[in-house]
């Protein structure tokens, strides 16, 4: 499991036009759904184009480089929790996300996604990654086994 503490300077983000924020994320502000439609949990159609041929979801929208790539082992179960811890010493909001990503192997899932994000994620200019950690989480215990047996024995 990868855990990241990501601060988002909301005093700047909140002043941006809603259309800009939506294009940056690739999601609608009103309900979190992809710009290609459906609901919050409907998969984005990354191949969708407008009548003029321009992609509905911009090439650098966060949703695009963060999406799993077919045929690769970069699938993660991701969950984020928003936080707002009052004001920082400079008076700006201390707010952002506590991000968790569960995967079989961070080297084949989290790291490739982060490399794609580093090459062109419009959201990154609005984020400050303040802390990260990687944890090994053992499988559950089967009858006759002990906790983390598959990690401790060959």
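The values are calculated or read from the model by the stated rules, or taken from the named source; none is laboratory data. Since we're looking at a predicted model, the values are computed, not measured. Glycine gets a Cβ as well: all are built from the backbone with ideal geometry, and neighbour counts include every protein chain shown.
Residue-by-condition table, conditions (1) under 14 Å from the mean Cα position of the chain (by Cα); (2) surrounded by 11 or more Cβ atoms within 10 Å (Cβ to Cβ); (3) at pLDDT below 95; (4) closer than 27 Å to residue 63 by Cα:
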| residue | (1), (2), (3), (4) |
| --- | --- |
| 91 | no, no, yes, no |
| 100 | yes, yes, no, yes |
| 103 | yes, yes, yes, yes |
| 133 | no, no, no, yes |
| 136 | no, no, yes, yes |
| 144 | no, no, yes, no |
| 151 | no, no, yes, no |
| 154 | no, no, yes, no |
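So if I check each of 33, 44, which one is in contact with a helix residue (DSSP H, G or I) (Cβ under 9 Å, 6 or more places away or on another chain) and surrounded by 14 or more Cβ atoms within 10 Å (Cβ to Cβ)?
44
When region 102-123 is examined, which residues are found to be within 28 Å of residue 16 (Cα to Cα) and touching a residue at least 60 places away in the same chain (Cβ under 8 Å)?
Correct list: 120, 121, 122, 123.
Every residue in region 125-135 that is in contact (Cβ under 8 Å) with a residue 40 or more places away in the chain and either over 19 Å from residue 83 (Cα atoms) or not in a loop (DSSP other than H, G, I, E, B) (or both), please.
Hits for region 125-135 are 126, 128, 129, 130, 131, 132, 133, 134, 135.
Only residues that are without any contact (Cβ under 8 Å) to a residue 40 or more places away in the chain and over 12 Å from the mean Cα position of the chain (by Cα): list them for region 47-68, please.
Answer for region 47-68, where residues must be without any contact (Cβ under 8 Å) to a residue 40 or more places away in the chain and over 12 Å from the mean Cα position of the chain (by Cα): 47, 48, 49, 50, 51, 52, 53, 54, 55, 56, 57.
Could you grab me the full set of residues in region 116-131 that are in contact with a helix residue (DSSP H, G or I) (Cβ under 8 Å, 6 or more places away or on another chain) and surrounded by 11 or more Cβ atoms within 10 Å (Cβ to Cβ)?
Residues satisfying the conditions are 116, 117, 120, 121, 122, 123, 124, 126.
Return the residue satisfying two criteria in turn: it lies in region 19-30 and is over 15 Å from the mean Cα position of the chain (by Cα) and in a loop (DSSP other than H, G, I, E, B), and of such residues it is surrounded by the most Cβ atoms within 10 Å (Cβ to Cβ).
Taking the candidates together, the pick is 28.
Scan region 107-115 and tell me whether some residue there is touching a strand residue (DSSP E or B) at 6+ places or on another chain (Cβ under 8 Å) and exposed (fewer than 11 other Cβ atoms within 10 Å of the Cβ).
No, every residue in region 107-115 fails to be touching a strand residue (DSSP E or B) at 6+ places or on another chain (Cβ under 8 Å) and exposed (fewer than 11 other Cβ atoms within 10 Å of the Cβ).
So residue 12 clears everything in (1) surrounded by 13 or more Cβ atoms within 10 Å (Cβ to Cβ); (2) in contact with a helix residue (DSSP H, G or I) (Cβ under 8 Å, 6 or more places away or on another chain); (3) in a helix (DSSP H, G or I) except one condition, right? Which one?
(1) is the only condition that residue 12 fails.
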